[in-house]
Amino acid sequence: MSIEEIKREITVLSHAELNEVTAFLFHLRHRNDPDFQQTVEARSNDLDKSNWLTPEEFECELKKR
């Protein structure tokens, strides 16, 4: 399958399916990036609750983007 065929196929996806493809491509882009992996690991291991977002705060952050 060519890149152009992939692009055509993607244009008919639903919003939820586009989100899934976007997440997958983001993962592929960063899977071999040690700096990104280190950042994710540090955030995942952060036990200081003052650095955590509530679900509501997280939603607000998403809406800003």
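Can you give the FRET efficiency for THR22 and LYS64, using 1/(1 + (r/R0)^6), R0 = 22 Å, r = Cβ-Cβ distance, to the nearest 0.05?
0.80
Once both labels are modelled 7 Å past Cα along the beta-carbon direction, what's the THR54-GLN37 spacing in nm?
Simple spin-label model gives 3.6 nm for this pair.
Using a 1.4 angstrom probe on the protein heavy atoms only, line up LEU62, LEU47 by accessible area, largest first.
LEU47, LEU62
Just to be sure I understand, if you calculate mean projected area of the Cα convex hull in nm² for this structure, which of (1) 6.4; (2) 7.4; (3) 4.1 do you get?
(1)
Mind checking the per residue accessible area of the chain for me, 1.4 Å probe, whole number of Å²?
Each residue of the chain exposes 98 Å² on average to a 1.4 Å probe.
Show that you can apply the helix-only estimate: for the chain, add -39,500 (n - 2.57) for every DSSP H stretch of four or more residues, divide by all residues, and state [θ] at 222 nm to the nearest 500.
Numbers: 4 runs with 45 residues, N = 65.
Only helices count here, giving -21000 deg cm²/dmol.
Place a +1 charge on the Cβ of each Lys and Arg in the chain and a -1 charge on the Cβ of each Asp and Glu, then give the dipole magnitude about the Cα centre in debye, rounded to the nearest 20.
Here the chain has a charge dipole of around 140 debye.
Of the heavy-atom accessible surface of the chain (probe 1.4 angstrom), what whole percent is carbon and sulfur?
56
Determine ³J(HN,Hα), in whole Hz, for all residues of segment 49-65 in sequence, where each value follows from phi through the Karplus function 6.51 cos²θ - 1.76 cosθ + 1.60 and θ = phi - 60°; x replaces Gly and Pro.
For segment 49-65, the Karplus curve yields 4, 5, 8, 8, 9, 6, x, 5, 5, 4, 4, 4, 5, 5, 5, 5, 8 Hz.
Can you work out ³J(HN,Hα) from phi for every residue in segment 9-16, in order, using Karplus 6.51 cos²θ - 1.76 cosθ + 1.60 and θ = phi - 60°, giving whole Hz and x for Gly and Pro?
Coupling constants for segment 9-16: 5, 5, 5, 9, 6, 6, 4, 5 Hz.
The values are calculated or read from the model by the stated rules, or taken from the named source; none is laboratory data. Predicted, not measured: the structure shown is a model, and the values here were computed from it. As a convention, Cβ positions derive from the backbone with ideal geometry for all residues, glycine included, and neighbour counts pool all protein chains shown. For the accessible areas, the whole protein counts, side chains as well, though only heavy atoms, and no ligand, DNA or RNA atoms are used. Shrake-Rupley method; radii C 1.70, N 1.55, O 1.52, S 1.80 Å.
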